[in-house]
Amino acid sequence: MVDRYNPAEIEPKWQKIWEDAHCFEAKNDFTQKKFYALIEFPYPSGAGLHVGHPRSNTALDIISRKRRMEGYNVLFPMGYDAFGLPTENYAIKTGCHPRVVTETNVAKFREQLKRLGFSFDWSREINTTDPSYFKWTQWIFLQLFKRGLAYKAEMPINFCTSCKVGLANEEVVDGKCDRCGGEVVRKVKTQWMLKITAYAQRLIDNLDMVDFIDKVKTQQRNWIGRSEGAEIIFKLNHGDLTLKVFTTRPDTIFGATYMVISPEHPMIDSKSDVISNMDDIIAYREKAAKKSDFERSELSKEKTGVMLKGIMAINPATGLEIPIWISDYVLMGYGTGAIMAVPAHDMRDYDFAKAFDMPIVEVVSGGNIEREAFVECSTGTLVNSGFLNGLSVDEAKKAMINWLEENGLGTRKVNFKLRDWVFSRQRYWGEPIPLVYCEHCKRWVPLPEDQLPLMLPEVQEFKPSDMGESPLVHATEWINTTCPECGGPAKRETDIMPQWAGSSWYYMRYCDPHNDERLAAREALNYWLPVDWYNGGMEHTTLHLLYSRFWHKALYDLGVVDTPEPYLKRTSHGMVLGENGEKMSKSRGNVVNPDVLIDEIGADAFRMYEMFMGAFDQPIPWSTSGAKGCRRFLDRVWRLMDMAVDGGIRDQNKHLIHSTIKKVSEDIERMKFNTAIAALMSMVNEFYTMESVTKDELHMLLVLLSPVSPHICEEMNRLLGYTTPLYAETWPAWDESALVEASIEYGVQINGKVKARITAPAGTENSELEHIAIENADVKRLIEGLTVRKVIIVKNIINIVAK
RNA sequence: GCGAGUGUGGUGGAAUAGGCAGACACAGCAGACUUAAAAUCUGCCGGGAAACCAUGUGGGUUCGAGUCCCACCAUUCGCACCA
């Protein structure tokens, strides 16, 4: 009898052996075939690792371990995305420096990750808050700035009127400050912006060259939101000023009975002398400032608005004067901040027209506009539309755009929903923006590269100023500097970068993390990039994934990297929910602490359960008893050693073993980890029906199980007398000839319902199968008195169609 | 509201290209071993006496639908300053 399975003893032992052997470190031999596996690096929160992190980590650890066994030079790195709000807020509360908080949290994360036995290359660990790292984040920003991709613009921020600080969207709950309950308003500030919109088309087009799962591609495309239409100029009945609108439906212009502009639209102020109800407008504008874009664009809400008095617009198609309204459902950030309202064919315009009694003119026939807007009208015919009458919607679109262009009243236009990236934060714990404003040069001047990294100044107070400015405004000595170009007095930028900055290029740094000459050596980038397989959460699809693709493309244009895309393949894991099926959170009290459970069942069983619990790409509720079931399975695997006898793989077990090799190999590649593990469980169940198991048979089980639960497999492999550690083993190939079955079982259906089963030798002719099926006693009885119309034989099914 | 997913036993899930629904587990029940418990092992485990009925609901396509199409309902993720 072998000793009891004791993970507490063998897991640290094997972790030490792996570390001493440096077996998971990527080699700087750029001639070998390579594989770069990446998972999103964690934000080191004070709560430590939760059971969601190991899901993504274990998955790519399994794939990385398999790739090494397949002979690849594997890069599987880990690091920390450590700038950000929670650490800063904790610092404000406790007075403890965010750097110290970060160090403590990182140490905790590292310890927890190491305990799980992931095959990370720890020699390449990075941390975005490390000056040797953010030096290059700042360097990239300067390249973007020099390229004209960074600019300043006025953008609204959330501002708490009681704390007097700018708030993140997350900190605004129901229009109130999440910390003090004070009223939140939108306040306009000048902020740094990055021109991601300049890359909108390429970010869509290049999705064709990468292997991202479909739902990720679709969400990125929809987020970028390309739409084709026209920009149309509406003249006013007063002065030379015009209003531009973007519309995807220029064909419906004859039905435009009024216009709506955003309450913030600049036309209002420039025409304030002719608008007679400015008081109402200002009051409405103040109300709108308290709502988020999200609340404003909600379709179901009741429409509100104010008509501008004293000014009208002229519909360029009809020549008629139409009223102009302001309403909060029109956003300044999309299109031109103004729309032509066609109530007959747009739902929101329809609701608005009904609420304010505006005329509704049908211009595409086929709907019932008495009852509702006729929106999906692509099959309709144009009516009440002058020269467009009788045309289809598609024809009318083309004809209208041509007419507008010929008459100088509009142009064909592609519009994107994607907006430029607001890159400023009025906070402390982030990368300082390496620019100074020179009084003399009257412009923003970049710091020379030899002055990077620009360090954060030491401040007493991490709280933003009462005016909502960054805490850096308190660092007077740091702010006041000289202009690198003219030497005159200059002031540093006090806003910092958003936490997304560091994570937009971290996969590059892993290629060569200790380089202080460049962000990474050119040959290392050329060898390792693109990342071969990147796994992460769906929640990062539209922001992080898009931001990093944008930075990568900008750096590609600058000649820093040679690949147009950073990630070859992107997959996504489902979120781990609490035991009650709800999202895990402190406030719900359903957070599972992995440390306690690992003490009880060991890291190997924990890893296995993370993969076995359900479909990898779906959200799954946690089950502690399910995790304990995986420990029971490993106990059973361990006890197989009691049945082990010397010998190779026996003929009668070839089919079992080779079909399992095939199943596990293919399932890992498709991220069907749950069924790969189920196949291994079946194999073990089979072993237990036998008198004994040979060592080579058991060894094969250990090889296949080792990527999932590596410690127990290494230990058993050694106890069985195998001297090559599993990490240095070769991944097995299956033998097709061993998969062939001698006889095949068929389900016999009558009119599509299974009524009987027959077994026949492999290779039996269809005519013979048909005969056997019809002669079957059960079948005979059931089709008695019926006429057999036809018999369909496909795969393992014989379907008799009888009437 | 907009965009993207998901819906199968008491529970998590399985079903590769439209072909035998419920693999593999969890929980539960019964039994063996034990003074007893734990651990372990064995058996049962969607409903129904059966015919049959069952993959969120209602339609459709097909010899055949969990899988494809249409409509609806429920639910999860994201919505640009959380990471």
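The values are calculated or read from the model by the stated rules, or taken from the named source; none is laboratory data. If you're wondering where the values come from, they're calculated on a predicted model, not measured in any experiment. Cβ coordinates were reconstructed from backbone atoms using ideal geometry, including for glycine residues, and neighbour counts include every protein chain displayed. Side chains included, ligands, DNA and RNA excluded: accessible areas come from the protein's heavy atoms. Shrake-Rupley method; radii C 1.70, N 1.55, O 1.52, S 1.80 Å.
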**OP:** Considering every residue within the range A:433-443, establish whether at least one is among the charged types (D, E, K, R) and not in a loop (DSSP other than H, G, I, E, B).
**Re:** yes
**OP:** Return yes when A:D617 is among the acidic types (D, E), within 17 Å of A:L60 (Cβ to Cβ), touching a Ser or Thr at 6+ places or on another chain (Cβ under 9 Å) and open to solvent by 30 Å² or more (accessible area, probe 1.4 Å) and no when it is not.
**Re:** yes
Original post:
Which residues, counting only those in the range A:564-580, are in a loop (DSSP other than H, G, I, E, B) and open to solvent by less than 30 Å² (accessible area, probe 1.4 Å)?
Top reply: A:E565, A:P566, A:G574, A:G578
Original post:
Which condition breaks for A:V361 when tested against (1) touching a helix residue (DSSP H, G or I) at 6+ places or on another chain (Cβ under 6 Å); (2) of a type outside the set (D, E); (3) in a strand (DSSP E or B)?
Top reply: (3)
Subject >> Filtered residues of the range A:140-157 (kept if in a strand (DSSP E or B) and open to solvent by 30 Å² or more (accessible area, probe 1.4 Å)) >> reply: A:Y151, A:K152, A:E154, A:M155, A:P156
**OP:** Tell me, yes or no, whether the range A:489-509 has at least one residue that is assigned to a strand (DSSP E or B), under 24 Å from A:R147 (Cβ atoms) and free of Cβ contacts under 8 Å to residues at least 12 places away in the same chain.
**Re:** no
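Of all helices (runs of 4 or more DSSP H) completely enclosed by the range A:581-668, which ones contain at least 3 residues that are under 30 Å from A:E741 (Cα atoms) and within 11 Å of RNA strand B (Cβ to nearest atom)?
Correct list: A:624-639.
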**OP:** Confirm whether A:V473 is within 16 Å of RNA strand B (Cβ to nearest atom), of a type in the set (V, I, T) and at pLDDT below 90.
**Re:** yes
Original post:
Counting only residues that are surrounded by fewer than 23 Cβ atoms within 10 Å (Cβ to Cβ) and assigned to a loop (DSSP other than H, G, I, E, B), which one in the range A:53-85 is nearest to RNA strand B (Cβ to nearest atom)?
Top reply: A:D81
Original post:
Which residues, counting only those in the range A:422-466, are within 13 Å of RNA strand B (Cβ to nearest atom), open to solvent by less than 30 Å² (accessible area, probe 1.4 Å) and within 28 Å of A:S162 (Cβ to Cβ)?
Top reply: A:F423, A:S424, A:Q426, A:R427, A:Y428, A:W429, A:G430, A:P464
**OP:** Just need a number here: residues in the range A:123-132 that are touching a Phe, Trp or Tyr at 6+ places or on another chain (Cβ under 8 Å) and not in a loop (DSSP other than H, G, I, E, B).
**Re:** 3
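Condition first: part of a helix (DSSP H, G or I), within 12 Å of RNA strand B (Cβ to nearest atom) and open to solvent by 10 Å² or more (accessible area, probe 1.4 Å). Can you find one or more residues in the range A:18-38 that meet it? Give the derivation first.
In the first step, residues of the range A:18-38 are kept if they are part of a helix (DSSP H, G or I); the result is A:18-21.
Of the ones still in play, those that are also within 12 Å of RNA strand B (Cβ to nearest atom) are none.
So far as the range A:18-38 goes, no, none of its residues is part of a helix (DSSP H, G or I), within 12 Å of RNA strand B (Cβ to nearest atom) and open to solvent by 10 Å² or more (accessible area, probe 1.4 Å).
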Subject >> Top-ranked residue of the range A:760-803 - restricted to ones that are within 49 Å of the chain's Cα centre (by Cα) and polar (S, T, N, Q), ranked as farthest from A:V740 (Cα to Cα) >> reply: A:N799
Original post:
Could you count how many residues in the range A:740-756 are more than 7 Å from RNA strand B (Cβ to nearest atom) and either without any contact (Cβ under 8 Å) to a residue 12 or more places away in the chain or in contact with a Leu (Cβ under 9 Å, 6 or more places away or on another chain) (or both)?
Top reply: 3
Original post:
Of the residues A:V414, A:V330, A:V375, which is within 16 Å of RNA strand B (Cβ to nearest atom) and part of a strand (DSSP E or B)?
Top reply: A:V414
**OP:** Could you grab the pairs with beta carbons closer than 9 Å, sequence gap of 6+ or different chains, first residue in the range A:89-113 and assigned to a loop (DSSP other than H, G, I, E, B), second one among the small types (G, A, S) and open to solvent by less than 20 Å² (accessible area, probe 1.4 Å)?
**Re:** A:H97/A:A91
Subject >> The one condition in (1) open to solvent by less than 20 Å² (accessible area, probe 1.4 Å); (2) modelled with pLDDT of 95 or more; (3) touching a strand residue (DSSP E or B) at 6+ places or on another chain (Cβ under 9 Å); (4) over 24 Å from A:S119 (Cα atoms) that A:K695 fails to fulfil >> reply: (1)
**OP:** Report whether or not A:N384 is part of a loop (DSSP other than H, G, I, E, B) and open to solvent by 50 Å² or more (accessible area, probe 1.4 Å).
**Re:** yes
Original post:
In the range A:164-179, is there at least one residue being open to solvent by less than 70 Å² (accessible area, probe 1.4 Å), touching a Pro at 6+ places or on another chain (Cβ under 9 Å), within 11 Å of RNA strand B (Cβ to nearest atom) and not β-branched (V, I, T)?
Top reply: yes
